[in-house]
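Colleague: First the structure, then my questions, so here it is.
The values are calculated or read from the model by the stated rules, or taken from the named source; none is laboratory data. Keep in mind that what you see is a predicted model, and the values were worked out from it rather than measured. Cβ placement follows ideal geometry from the backbone for every residue including glycine, while neighbour counts extend to all protein chains displayed.
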Amino acid sequence: MTSSKIHDIDLYELLGISITSTTKEIKKAYRQKALKCHPDKLPDNPKAAELFHELTRALEILTDEAARAAYDAVHKAKTEAKQRRRSLSSRYKKLREDLEERERRAQEEEARLSHANFHCRTDEDKLEAEVERLRKEGSRQVKEEQEAVRQQLLHEARVKEAAQTLEAEGSRLRVTWRAARDDPSNGGYDYTTLHTIFSKHGEVTALILSAKKKGSALVEYSTMQAAELARELERGVSSNPVSVHWLREASEKQPISSPRANPEERRPVPAPAPAVSAGGGDFEELVLRRMRQAAEKQGLERSAEPLS
């Protein structure tokens, strides 16, 4: 804010204080305003630095006795001038309105006489009316096309989300093995053993042991290729082999189509999570809950992205 601009800015209004405010009140108002518009706090606002500079300049002037006295003199003169203009504007408002009304009537009369004197204007008026009609109809059609495009984008987003959900489900496996109900070793398989076995085929993003049913677990991979390898090749330890099935196949009792090539990899988990117990709830309910949470998270991330 240069010195030439200071005359045009109400420093008291900028700080949100009155002209009678004390130095202590001025500093307090400056701190409150500066904290809200500091450039470090608003890095994406290009005007933050300028506003912060104006606040600092206002503080500098209003806390200096001589500078404030000089500014108050200018401020008082400008305030009095504004009051005089307001009083004059109310007095001459009706005069301006009457003048504008006379000018409008004169223009209408001139247009009427021009139309009457030049008969060729009739065809021109018709042409202008048609052009205006086409312009309005064109605007309506543009809006309709824009809405159609928006609906198409929404449809494509839903289709993509459904495909991603199906793809994510294709990376989940149901693993079962023999284990007696009262077997504390769970047939020789615990979280660490299962994680070590199935990590050979790819990154394991989730491994859940069923707390309700012995000899059952859910394994989730970050990619469908890794899940396919584990489903086809993994049999566990020879003393108690495991059976590996697609989760959808195990829960719905029907096969699913083969995973597509080159799927989009999911976000990796930094480290294997500790064993998750389903507690007293049903294992399938826990699996479905995790799937819904993942879908909701993807929806929130997608809605936060601007539509290009």
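Colleague: Which residue pairs have Cβ atoms closer than 6 Å, lie 6 or more positions apart in sequence or on different chains, and pair a first residue in the range 230-256 that is outside any helix (DSSP H, G or I) with a second residue that is at pLDDT below 90 and among the hydrophobic types (A, V, I, L, M, F, W, C)?
Modeller: TRP246/ILE256
Colleague: Can you find a residue in the range 57-78 that is of a type in the set (S, T, N, Q) and part of a helix (DSSP H, G or I)?
Modeller: First, pick out the residues of the range 57-78 that are of a type in the set (S, T, N, Q): 63.
After this cut, where a residue has to be part of a helix (DSSP H, G or I) as well, the list is none.
Scanning the range 57-78, I find no residue that is of a type in the set (S, T, N, Q) and part of a helix (DSSP H, G or I), so the answer is no.
Colleague: Filter the range 182-204 down to the residues that are closer than 14 Å to ALA217 by Cβ and in contact with a Phe, Trp or Tyr (Cβ under 7 Å, 6 or more places away or on another chain), then identify the one that is surrounded by the fewest Cβ atoms within 10 Å (Cβ to Cβ).
Modeller: GLY187
Colleague: For the range 41-79, which residues satisfy the criterion of being of a type in the set (Val, Ile, Thr) and in contact (Cβ under 8 Å) with a residue 12 or more places away in the chain? Quick ask: steps written out before the conclusion?
Modeller: Filtering the range 41-79 down to residues of a type in the set (Val, Ile, Thr) leaves 56, 61, 63, 74, 79.
Selection gives THR56, ILE61, THR63, VAL74.
Colleague: Same structure again: Name the single residue that is modelled with the lowest pLDDT among those in the range 189-210 being within 39 Å of the chain's Cα centre (by Cα) and in a loop (DSSP other than H, G, I, E, B).
Modeller: Just the residues of the range 189-210 that are within 39 Å of the chain's Cα centre (by Cα), to begin with: 191, 195, 198-210.
This time we only want the ones that are in a loop (DSSP other than H, G, I, E, B), so: 202-203, 210.
Details: GLY202: 93, GLU203: 93, SER210: 88.
Among those residues, the one meeting the criterion is SER210.
Colleague: Name every residue in the range 1-56 that is in a helix (DSSP H, G or I), within 26 Å of ALA77 (Cα to Cα) and hydrophobic (A, V, I, L, M, F, W, C), in order of residue number. Working first, answer last.
Modeller: Filtering the range 1-56 down to residues in a helix (DSSP H, G or I) leaves 3-6, 11-15, 23-37, 48-56.
Filter once more, keeping what is within 26 Å of ALA77 (Cα to Cα): 3-6, 11-15, 23-27, 29-30, 51, 53-56.
Within the range 1-56, ILE6, LEU11, LEU14, LEU15, ILE26, ALA29, LEU51, LEU55 qualify.
Colleague: Checking ASP123 against (1) over 44 Å from the mean Cα position of the chain (by Cα); (2) of a type in the set (Asp, Glu); (3) modelled with pLDDT of 75 or more: exactly one of these is not met. Which one?
Modeller: Among (1) over 44 Å from the mean Cα position of the chain (by Cα); (2) of a type in the set (Asp, Glu); (3) modelled with pLDDT of 75 or more, ASP123 violates only (3).
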